[in-house]
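One structure is given here, and the rest of the page talks about it.
Values in this text are rule-based calculations from the coordinates and carry no lab data. Since we're looking at a predicted model, the values are computed, not measured. Here Cβ is always computed from backbone atoms with ideal geometry, including for glycine, and neighbour counts include all displayed protein chains.
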Amino acid sequence: GDSVTQMEGPVTLSEEAFLTINCTYTATGYPSLFWYVQYPGEGLQLLLKATKADDKGSNKGFEATYRKETTSFHLEKGSVQVSDSAVYFCALSDPNYGQNFVFGPGTRLSVLP
Amino acid sequence: SAVISQKPSRDICQRGTSLTIQCQVDSQVTMMFWYRQQPGQSLTLIATANQGSEATYESGFVIDKFPISRPNLTFSTLTVSNMSPEDSSIYLCSVDPTGNADTQYFGPGTRLTVL
């Protein structure tokens with residue numbers, strides 16, 4: 001079945017450091033890919049998405065590029081802020097699975113001032 | 001997009017009791033989903049709730065334990081029945097406004113603690 005793998009957390013960075021959170025996926029079809037963010041005590045918010053190969057999703061300084069050849073969708077940000085501290089979930093939506101989403105385990109990011 | 005609210009935001013319950021969680025959307029949507037997020041874990045889909053039909057449950061989840069109602073296109077409830085401490089989790093509802101598996105939008109979640 002479909003699956004999503006993310007780098008182990010927690011990730012701790014200093015403010016203004018470069019962020020990469022790795023995400024790879026396994027899917028039978030051609031999925032759409034997503035990054036969601038969960039701030040402490042809150043639900044999930046859509047951060048960005050890409051629906052086909054080579055698409056780049058971007059939002060709030062975060063970027064991720066859909067790489068079909070490496071089945072990856074790594075999240076990057078050039079300069080993190082303390083307010084970016086949260087849990088980040090990579091997810092996919094595979095048309096072969098109907099409308100169901102598959103979520104990765106999440107990566108906790110802590111940014112220190 | 002869609003704006004989703006959930007009630008209650010949190011609750012502490014005694015073992016053996018039941019809790020009903022409400023999910024309200026600001027627009028009409030066909031597909032609503034209920035997820036469980038156990039402490040420190042990712043999301044697990046409990047069921048898909050479409051208006052006008054029975055909810056579809058994922059493996060490991062049964063209707064007797066998690067009955068779901070979907071009376072209209074903007075509202076759904078999930079009941080956690082005969083609770084045990086293992087049911088302590090965050091329960092989230094989400095919607096897919098387009099119905100095309102394009103994007104899901106999530107409510108803020110209900111944090112449940114069972115003593």
**Request:** Return the distance in nm (one decimal) between the two label points of a simple spin-label model at A:Thr28 and A:Ser14, each offset 7 Å from Cα along Cα→Cβ.
**Result:** 4.9 nm
**Item:** Spacing of the two label points (7 Å from each Cα toward its C-beta) at A:Asp55 and B:Gln24, in nm
**Value:** 3.3 nm
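For segment A:1-41, which chymotrypsin sites (Phe, Trp or Tyr not before Pro) are both in a DSSP coil and crowded by at most 12 other Cβ atoms within 10 Å?
Values: sites: A:Phe18, A:Tyr25, A:Phe34, A:Trp35, A:Tyr36; in loops: A:Phe18.
Answer by residue number: A:Phe18.
Between beta-carbons, use under 12 Å as the cut-off and find the net charge around B:Ile46, counting Lys and Arg +1, Asp and Glu -1.
Numbers: positive: B:Arg36, B:Lys65; negative: B:Glu58, B:Asp87.
Neighbour charge sum, excluding B:Ile46 itself: 0.
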**Prompt:** Of A:Asn96, A:Leu44, A:Tyr66, whose Cα points farthest to the positive end of the dipole of chain A (charges on the beta-carbon: +1 Lys, Arg; -1 Asp, Glu; origin at the Cα centre)?
**Reply:** A:Asn96
**Message:** Considering just Cα atoms, how many Å³ per residue does the convex hull of the protein assembly as shown enclose?
**Reply:** 118 Å³
**Complete:** Quick calc, chain B, dipole around Cα centre from Cβ unit charges on Lys, Arg (+) and Asp, Glu (-), nearest 20 debye, gives 300 debye
**Prompt:** Looking at the P(r) of chain A, how many percent of alpha-carbon pairs lie beyond 17 Å?
**Reply:** 50 percent
**Request:** Can you tell me the relative contact order of chain A? Whole percent, Cα pairs under 8 Å, sequence separation 6 or more.
**Result:** 37 percent
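Which value results when the Cα radius of gyration for segment B:18-115 is divided by 2.2 N^0.38 Å? Don't skip to the end; give the middle numbers.
Numbers: Rg = 12.7 Å, N = 98, 2.2 N^0.38 = 12.6 Å.
Computed over Cα atoms of segment B:18-115, the ratio equals 1.01.
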**Prompt:** Straight-line reach from A:Lys68: which lysines have a Cα under 16 Å away, not including same-chain ones fewer than 8 places off?
**Reply:** A:Lys49, A:Lys52, A:Lys56
